Amino acid sequence: MAEAEKVVIVGSGPAGWTAAIYAARANLDPLVFPGKAAGSDLLPGGQLMLTTDVENYPGFPDGVTGPDMMQLFMRQALRYGTRVVTTNGVKSKEELSGDTPLWSASFQNVESVDLGQQPFRVVGDAGFEIMAHAVIIATGAKANWIGLENEQRLAQSGGGVSACAVCDGALPLFRDKELAVVGGGDSAVEEATYLTKFASKVYLIHRRDQLRASKIMQDRALNNKKIEILWNKSVVDVLGDDVISGVRLKDTVSGDESELSLGGLFVAIGHTPITGFLKGQLDLDDAGYIKLADTYRSTTNVDGVFAAGDVSDHVYRQAITAAGMGCKAAIDAERWLAEKGID
């Protein structure tokens, strides 16, 4: 088998590409498993590939689309020597350049890892197997959706459906409109409260007759004049062609259906961290997020394995915080490799 890689990065969102940029500039020759676009939880580019306009990332005064931003991240990582794993093997910038968009490449996903040995073993879904001295997990967390066809279509096209109010709520599309948030936990109440800064009114749609949110968050929603809670309601359809026009609701008690006109819909029913491929080899919290061994660093309970981005962050879930964590993971990995005499 070929000599072990210094560092392998699993994931290609802001955390993964930032880790790759820092690792490449430190001459670690990083290798990235970006994931693949279909049939996998790990989406190349992460959740930003489902985001049309990003207006809160520094350095883009006119805004940028999520896919364009991730393409720029990738090009920068490749420029400094990062390599990526495709279904046809390892590719460099020279092999991926040309007129074809980089994101059209057939990237490879990680199927499994063996963190019980050193070097670590990383296996791709197309049979590619590699050994690595250090591994950075940056697989992110996928938003939980209701599962409606038009919900997904409008979310992907920028038609007024989102899973992140902090990311998208300030966009002109949603200003002075009647908006709705689906959910009943702390995140849903927090998103509804945030949206009142921009919306004319915010509906909080919950399928039960009481919120799951903490008492202080419940009081915040109940006492906000801009928020109206729709109890015992579930969204059974999202209406609209190019842009959302409303939702169809079903009463969970009576079964009656009704329509609610809206200018935007935010789904806040949780996130699922992409950690299934780890198969219990790292310490996870009750929700499946990777536990960090040190709050201020990226280290995990396995020496030589680091975590960055939303896969270990269920609080902020922003592109810029994920990128910052990717930076920390690369620096931590570089220092760890130096301590082990691996250069």
Pull out the extension gain between VAL236 and ASN27, defined as 0.36 nm times the separation in residues minus the alpha carbon to alpha carbon distance; nm, one decimal. 70.1 nm
DSSP loop GluC sites (Glu not before Pro) with at most 15 other Cβ within 10 Å excluded, longest remaining stretch of the chain: 56-343
Quick one: dipole size for the chain, taken about the Cα centre, charges +1 on Lys/Arg Cβ and -1 on Asp/Glu Cβ, in debye to the nearest 20. 480 debye
Quick one: if the Förster radius is 30 Å, what FRET efficiency do ASN224 and ARG175 give, using the C-beta to C-beta distance and rounding to 0.05? 0.95
Quick one: go through the stretch 52-66 and flag any residue whose amide nitrogen is under 20 Å from the point 7 Å out along the Cα-to-Cβ line of GLN156. 52-54, 65-66
Using θ = phi - 60° and the Karplus curve 6.51 cos²θ - 1.76 cosθ + 1.60, what whole-Hz ³J(HN,Hα) does each residue of the stretch 243-250 get, with Gly and Pro shown as x? 9, 4, 10, x, 9, 9, 10, 10
Which Cys in the chain stand alone, with every other cysteine's Cβ at 4.7 Å or more from theirs? CYS327
Partners for LYS233 among aspartates and glutamates (Cα-Cα distance below 14 Å; same-chain residues under 8 apart left out): ASP209, ASP251, ASP256, GLU257, GLU259
Counting Lys +1, Arg +1, Asp -1, Glu -1, what net charge surrounds VAL54 among other residues with beta carbon under 10 Å of its beta carbon? -4
Two pseudo-spin positions, 7 Å from Cα along C-beta at GLN210 and at THR65, lie apart in nanometres by 4.7 nm
Give me, ordered by chain and number, the residues 5 or more places off SER245 or on other chains with an amide H under 5 Å from its own placed amide H. LEU239, GLY240
Do any of LYS226/LYS250; LYS291/LYS340; LYS91/LYS142; LYS177/LYS201 go past 18 Å between their Cα atoms, and which? LYS226/LYS250; LYS291/LYS340; LYS91/LYS142
So for the pair ASP256, ARG75, with labels modelled 7 Å out along Cα→Cβ, what separation do we get in nm? 5.6 nm
With Cα atoms, 0 to 90° folded angle of helix 319-339 axis to the chain main axis: 20 degrees
So which aspartates and glutamates pass the test for LYS328, namely a Cα distance under 16 Å, with those fewer than 8 places away in the same chain ruled out? ASP294, ASP303, ASP310, ASP313
Between GLU129 and ASN56, what is 0.36 nm times their sequence separation minus the Cα-Cα distance? Round to one decimal in nm. 22.5 nm
Local charge sum around ASP251 (other residues, Cβ-Cβ under 15 Å, Lys/Arg +1, Asp/Glu -1)? 0
For GLY264, what charge total do you get from the other residues with a beta carbon under 9 Å from its beta carbon, if Lys and Arg give +1 and Asp and Glu give -1? -1
Quick one: Karplus J couplings for the stretch 261-275, per residue in order, coefficients 6.51, -1.76, 1.60, θ = phi - 60°, nearest Hz, x for Gly and Pro? 6, 9, x, x, 10, 10, 9, 10, 10, x, 10, 10, x, 8, 10
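Readers should treat all values here as calculations from the given coordinates under stated rules, not as data from a laboratory. Everything numeric here is computed off the predicted structure, so don't read it as measured data. Positions of Cβ are generated from backbone atoms using ideal geometry, with glycine treated the same way; all protein chains shown enter the neighbour counts.
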